[in-house]
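Would you mind keeping the following structure in view while I ask a few things?
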Amino acid sequence: MIENRPDFVFSYWILVWYILYELKIVKYNPKITLIIAVIVNATMLSMMIYFNNSWINILSFCVINFFIKVYPLIRLRNTEYKWIDLYASVVLYIIYLAWINLNGIETKQVFSDYYDSTKKKKPLGPIMKYIDDFVSRRN
């Protein structure tokens, strides 16, 4: 199991890109990457339901992903994107993969950890882990 750090979660990289785009610091539109990310998250949500994850995991997953992917996508709905934006997505993903590899993590380990966490009904990512810990302490 890889360490639960935000810099190991590609979704947060996309969120930072979106914020930088909104602040006009970067010119490449993250819209296509957000669309792909929402599709991937729909698959993950389906897996969570299939493996009977807790309501708190499912709810926190939905709320978190609404704010870090769906809301930004809604904000970008009327923006145009170009091929260069897709290329920027690929470059960002390659940089992300290089980053996790530099930190001693194999690419396949990231995907298998998400699958295993879902199957074992464990929270996905640092924010969900924090919510799960908070709820567990309250019970």
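What are the semi-axes of the equivalent ellipsoid of the chain, taken as the square roots of 5 times the eigenvalues of the Cα gyration tensor, listed largest first and rounded to whole Å?
The answer is 27, 18, 13 Å, longest axis first.
For helix 31-50, report the angle its Cα long axis makes with the longest principal axis of the Cα atoms of the chain; keep it between 0 and 90° and round to the nearest 10°.
Around 10 degrees separate the two axes.
Taking square-rooted eigenvalues a ≥ b ≥ c of the alpha carbon gyration tensor, is region 75-137 rounded, prolate or oblate, where a/c under 1.5 means rounded and, failing that, a/b exceeding b/c means prolate?
oblate
Can I ask one more? What's the angle, to the nearest 10 degrees (0 to 90), between helix 10-22's Cα axis and the longest principal axis of the chain?
The answer is roughly 40 degrees.
Also, I was wondering about something else. Taking K108 as the anchor, which lysines have their alpha carbon closer than 22 Å to its alpha carbon, excluding any fewer than eight residues away along the same chain?
Result set, ordered by chain and number: K119, K120, K121, K122, K129.
Tell me the net charge near S54. Cut-off is 12 Å between Cβ atoms, S54 excluded, with +1 for each Lys or Arg and -1 for each Asp or Glu.
+2
Tell me whether region 1-75 comes out rounded, prolate or oblate; compute the Cα gyration tensor, take square roots of the eigenvalues as a ≥ b ≥ c, and use a/c under 1.5 as the rounded threshold.
Verdict is prolate for region 1-75.
In addition: Step through the residues of region 86-95 one at a time and calculate ³J(HN,Hα) from phi using the Karplus curve (6.51 cos²θ - 1.76 cosθ + 1.60, θ = phi - 60°), rounding each to whole Hz and writing x for Gly and Pro.
5, 4, 4, 4, 5, 4, 4, 5, 5, 5
Can I ask one more? Can you tell me which lysines have their Cα less than 21 Å from the Cα of K24? Leave out same-chain residues fewer than eight positions away.
K69, K82
If we count every other residue with Cβ under 14 angstrom of Y130's Cβ, Lys/Arg +1 and Asp/Glu -1, where does the sum land?
+3
We did not get these values from a lab; they are worked out from the coordinates using the rules stated. Only a predicted model underlies this, so the values are computations on that prediction, with no experimental measurement involved. Positions of Cβ are backbone-derived with ideal geometry, glycine not excepted, and every protein chain shown enters the neighbour counts.
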